[in-house]
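One structure below.
Since every read-out is calculated from the coordinates, none of them should be taken as a lab result. This one's a predicted model, so the numbers in the text were calculated from it and none came from an experiment. Reconstructed Cβ throughout: ideal geometry from the backbone, glycine too, with neighbour counts over all protein chains shown.
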Amino acid sequence: MIIGLCTGPQVTAEMAYIAIIIDDIGNNKVRGEQAIQLPGSITFAILPYAPFAALLSKNAHTLSKEVIIHLPMANLTNQPLGPGGLTGNLNKQDFLGAMAAAISMVPHARGINNHTGSYLTQQTEQMTWLMDEIKHRDFFFIDSRTTNKTVAQKIAREKHILSSSRDVFLDNKPAYEEIHLAFQKLIQVAKRKGTAIGIGHPYRSTIDYLQQAIPLLAVQDIQLLPASNVLALQQIRRQQIKRQQLATITSD
């Protein structure tokens, strides 16, 4: 169990940064509202065709929470996509039409992550279509990494799109103790790399855990940021590393 209280943010030179994305928002109004009320700058990934997608997106935006589209994509495990899912059978025109329809259903969205997608995120042609449209709309992209064979983020970087990928799933096992172990892993990754991205879901156990865990982050020198901010920090750090490498080559 989590015990203790946080007295406020303590930004130091050792500060690390995390983003927490809550997927699958929109099907359950009560759980969605409970998630949106969580403290801190959580990002909410909303299923476009879900019955409460527009309402919860507007409510999250009203509370200054970041909203992205949790875009259904074809998977290898025959999980149902529901209406409007992106599949490998769509031609380019229908693919982009399905994207446009999904985007129109989630007001205030600033980016996209994939819902399932273990099949589609391996497909170079469809991921190229996806990233071209994301770039056109000035969105960012986060690869949920439902397969280690994904090419999604690789193509996003080639297109110079603000992008990243998930480091930790917080609630693959939604027991409270398992969520705690996953959350500690997220913090460890952030302290090692400077940033980390965790994805959870609006389960009762996840909401209860985050309600307690988020206020304690500052005393661990961890700051919770919207996903887009973490992506921007990662991009800055990549550029710094590249400049350092170039400087080393030049000096040699």
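With a cut-off of 12 Å between beta carbons, the residues surrounding PRO72 carry a summed charge of -2, where Lys and Arg count +1 and Asp and Glu -1.
Summed over qualifying helices (DSSP H, 4 residues or more, each -39500 (n - 2.57)) and divided by its residue number, the chain shows a 222 nm mean residue ellipticity of -13000 deg cm²/dmol.
Could you please report the charge total around SER163, scoring K, R as +1 and D, E as -1 over all other residues with beta-carbon less than 9 angstrom from its beta-carbon? With Lys, Arg at +1 and Asp, Glu at -1, the net is +1.
Students often get this wrong, so check it: of LYS154/LYS185; LYS58/LYS185; LYS149/LYS242; LYS58/LYS154, which have C-alpha atoms separated by over 28 Å? As for pairs spanning more than 28 Å Cα to Cα, those are LYS58/LYS185; LYS58/LYS154. Using the Cβ of ALA196 as centre and a radius below 10 Å, the other residues enclosed give a net charge of +4, where K and R count +1 and D and E count -1. Exposure proxy for ASP94, ASP132: other Cβ atoms within 10 Å of each Cβ, ordered fewest to most, give ASP94, ASP132.
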